[in-house]
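Inspection log for the structure reproduced underneath, given as structure tokens.
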Amino acid sequence: IMYWWLGSIEQNRGEMAEASTYYRKAADIYRHIYGDHHGETLNIAYAIAWTLEKLGMGDEGEKYLREVVGNARNILGIEDPQRLQATNTLGNFLMQRGNVAEAESLFLEELTSCTELLEDNHPRTLAELMRMGTFLYSQQKYDSAEIYLLKSLEGHQNFYGRAHPLTMEALSDWGQYWWDAANDPSKALAAVEESVQMYSSFYVPLHPRT
């Protein structure tokens with residue numbers, strides 16, 4: 001923890017070389033104790049790759065991150081929710097480097113594995129549908145995004161029920177789509193109002209999430 005903390009301080013100071021050194025020391029400990037599939041290991045591996053990118057050593061950073069994420073995906077079964085973080089870690093870094101096509105391919109590969117090996121309403125499948133929809137939305141591929149976001153919403157409603165935080169999140173994504181992409185304020189407002197009602201019934205009207 002101390003090495004990670006020291007790395008964060010150096011990063012905030014703009015001293016990326018020193019930050020990378022501390023991050024690597026932290027990563028060595030996390031990888032030894034927890035393994036590459038642990039969430040904290042994945043986070044520190046991303047920090048290492050990011051600092052190396054800032055030092056003009058992005059290829060080295062990407063290679064390191066691919067190694068850690070590849071090991072994590074080999075360890076974690078397709079049903080393990082931790083795989084979502086592992087794939088996101090590499091996909092987000094690829095996007096930062098401008099390699100959007102490979103990031104999309106990576107996300108699609110994970111979704112395909114879920115749909116082939118798990119049920120349509122399995123939590124892992126639903127999580128991948130949501131990620132694919134939000135990713136395509138961020139790339140302004142709105143027609144494709146609509147398909148995945150709708151499947152995600154319907155799946156969450158069927159598996160979790162309407163008054164569940166993950167269903168509410170899927171509904172919020174759906175409303176955001178109609179507001180920005182489809183330019184249909186009435187449908188966006190309907191989705192937002194339903195989401196507020198669901199949050200109010202699940203939490204309380206004055207809860208921060210509501």
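The values are calculated or read from the model by the stated rules, or taken from the named source; none is laboratory data. Note that this is a predicted model, so its numbers are computed, not measured. Note that each Cβ is placed from the backbone with ideal geometry, even for glycine, and that neighbours are counted across all protein chains shown. Note: accessible area is taken over every heavy atom of the protein model, side chains too, but ligands, DNA and RNA are not part of it. Shrake-Rupley method; radii C 1.70, N 1.55, O 1.52, S 1.80 Å.
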Cβ-Cβ under 9 Å pairs, at least 6 apart or on other chains, segment 163-182 side farther than 14 Å from Leu150 by Cα, far side among the basic types (Lys, Arg): Pro165/Arg209; Trp179/Lys187
Subset tally (residues that are of a type in the set (A, V, I, L, M, F, W, C) and surrounded by fewer than 17 Cβ atoms within 10 Å (Cβ to Cβ)) for segment 3-28: 3
Pair list, Cβ < 9 Å and 6+ apart or interchain, from segment 144-158 residues that are more than 13 Å from Ser172 (Cα to Cα) to residues that are among the basic types (Lys, Arg): Tyr148/Arg131
Test: residue in segment 34-46 that is of a type outside the set (Ser, Thr, Tyr), at negative phi, in contact with a Phe, Trp or Tyr (Cβ under 7 Å, 6 or more places away or on another chain) and open to solvent by 60 Å² or more (accessible area, probe 1.4 Å): yes
Odd one out for Val69, checked against (1) farther than 29 Å from Leu118 by Cβ; (2) free of Cβ contacts under 8 Å to residues at least 40 places away in the same chain; (3) among the β-branched types (Val, Ile, Thr): (1)
Any helices (runs of 4 or more DSSP H) falling wholly within segment 70-182 and containing at least 2 residues that are of a type in the set (A, V, I, L, M, F, W, C), over 25 Å from Ile44 (Cβ atoms) and open to solvent by 60 Å² or more (accessible area, probe 1.4 Å): 100-117, 142-160, 165-180
Qualifying residue in segment 47-69 (condition: under 18 Å from Glu128 (Cα atoms) and open to solvent by less than 60 Å² (accessible area, probe 1.4 Å)): yes
Residue list for segment 108-126, filter: touching a helix residue (DSSP H, G or I) at 6+ places or on another chain (Cβ under 8 Å) and either of a type in the set (Phe, Trp, Tyr) or more than 12 Å from Thr87 (Cα to Cα) (or both): Cys114, Thr115, Leu118, Glu119, Asp120, Asn121, His122, Pro123, Arg124, Thr125, Leu126
